[in-house]
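Read-outs throughout are calculated quantities, based only on the coordinates presented, and are distinct from any laboratory measurement. Remember, predicted model here, so these are calculated numbers, not experimental data. Here Cβ is always computed from backbone atoms with ideal geometry, including for glycine, and neighbour counts include all displayed protein chains.
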Amino acid sequence: MTTHRLAVIPGDGIGTEVTPAAQSVLDAVAARHGFGFDYREFDWSCERYRTEGAMMPADGLDRLRDHDAILLGAVGSPGVPDHVSLWGLLIPIRRTFRQYVNLRPVRCFDGVESPLRNADVDLVVVRENIEGEYSQIGGRINSGFPDEMAVQETVFTRVGVSRIADYAFRLATTRRHRLTSATKSNGIVHTLPFWDEVVAERAQGFPDVDWDAEHIDALCAKVVLDPGRFDVIVGSNLFGDILSDLTAAVAGSIGIAPSANLNPERDFPSMFEPVHGSAPDIAGRGVANPIGAIWSAAMLLDHLGHPEAATEVVDAIAAVLSETPLRTPDLGGTATTSEFTAAIVKRVA
Ligand code: NAI
Ligand code: MG
């Protein structure tokens, strides 16, 4: 029997509630397909930061390295600055393991009400995940004086833009052959014209994909007014991040949205995590929507070579939403995390 070694980092807040939910779905579907998971859990979190002074131990990345994949909940806690939790754990994992693709599918499930009147959403945001606006290049000077200043440089490399564009175009060829590149080359006159040029070059390798570039502001408006026109949207680290929260909300709730941080070459483990954060406003009450985490687990199954099991998990989510009234409070229901999860487990087991 194949056993996959998974590193599990539940993190903070609702991360610790939705991650076990995803694991129980993984176990149930794996058992039926004749494979299994060997989990190693790590308590790396803001809680650990408070007691140990670091989100993870100094050799943390090495400890993750020999796993087949990483399942993560969310990090972040009031009192710990968000850049500490992000740069102390998530970003080092994404960068060290060259997870340069952040894949964020969005779907409007039957039975989930969208805030929009006619939301027919089925799209994937492909976010560049290791360069762009999230850069350490820059600094602050004159702290405390009137001329205090901060500078942060955006970094786009030809290699980085090419590989994310190629990934997105290739993905579009497996879907509806439509791609939109998020830009803002009218206002940001060095980096984004470069992004546009490289995307246009890569597009030539995919003549059967119908593509265009949209300025991010107009694109946001179009996503709200007519989300059904989009298939694959490729964007920089910042644009992709913003777009994926927007598209997730358009589809009904950020609690539904999954993500995969992929190292497509498979030189390193990839990481799977819901798009949402630790939601301190609802943490500890057992009412977090587990769909984002469970759908992320489905993406993990796909990545590890179990596409049928992955499809069954997503179909189970769709079936519970369309055939039963079970909903967590973010979707207008009264179900708890464990009640909803139990319904999914029953379908896939
Ligand atoms: P958030 O995603 O945690 O919460 C935003 C809103 O959505 C809240 O009202 C929350 O209750 C709701 N929500 C989120 N996930 C939900 C779920 N599964 N079920 C039901 N409702 C859900 O974003 P926020 O409030 O901006 O950040 C909170 C903390 O999480 C911060 O410390 C932030 O840095 C961190 N964060 C961590 C991320 C990660 O680990 N990848 C991503 C985003 C934020
Ligand atoms: Mg985000």
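See the values below:
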| quantity | calculated |
| --- | --- |
| Sole exception among (1) buried (at least 24 other Cβ atoms within 10 Å of the Cβ); (2) without any contact (Cβ under 8 Å) to a residue 40 or more places away in the chain for ARG285, by number | (1) |
| Number of the exception - ALA249 against (1) among the small types (Gly, Ala, Ser); (2) outside any helix (DSSP H, G or I); (3) farther than 28 Å from GLU47 by Cβ; (4) within 14 Å of ligand 1 (Cβ to nearest atom) | (2) |
| Subset of region 316-332 (residues that are of a type in the set (S, T, N, Q) and within 11 Å of ligand 1 (Cβ to nearest atom)) | THR328 |
| Residue within region 182-204 that is away from ligand 1 (no atom under 16 Å from the Cβ), touching a strand residue (DSSP E or B) at 6+ places or on another chain (Cβ under 7 Å) and closer than 22 Å to VAL121 by Cβ present | yes |
| Top-ranked residue in region 175-217 [being more than 23 Å from the chain's Cα centre (by Cα) and among the small types (Gly, Ala, Ser); ranked as surrounded by the most Cβ atoms within 10 Å (Cβ to Cβ)] | ALA203 |
| Enumeration of residues in region 228-242 that are in contact with a strand residue (DSSP E or B) (Cβ under 6 Å, 6 or more places away or on another chain) and away from ligand 1 (no atom under 14 Å from the Cβ) | PHE230, ASP231, VAL232, ILE233, VAL234, GLY235, SER236, PHE239 |
| Candidate set from region 259-301 (those that are away from ligand 1 (no atom under 16 Å from the Cβ) and closer than 23 Å to ARG95 by Cβ); member that is nearest to the chain's Cα centre (by Cα) | ASN263 |
| Test: residue in region 106-119 that is touching a helix residue (DSSP H, G or I) at 6+ places or on another chain (Cβ under 8 Å), without any contact (Cβ under 8 Å) to a residue 40 or more places away in the chain, surrounded by fewer than 20 Cβ atoms within 10 Å (Cβ to Cβ) and among the hydrophobic types (A, V, I, L, M, F, W, C) | no |
| Within region 1-95, strands (runs of 3 or more DSSP E) holding 1 or more residues that are within 16 Å of ligand 2 (Cβ to nearest atom) and of a type in the set (Gly, Ala, Ser) | 2-11, 69-74 |
| Any hit, region 318-337, residues being within 28 Å of VAL101 (Cα to Cα) and part of a helix (DSSP H, G or I) | yes |
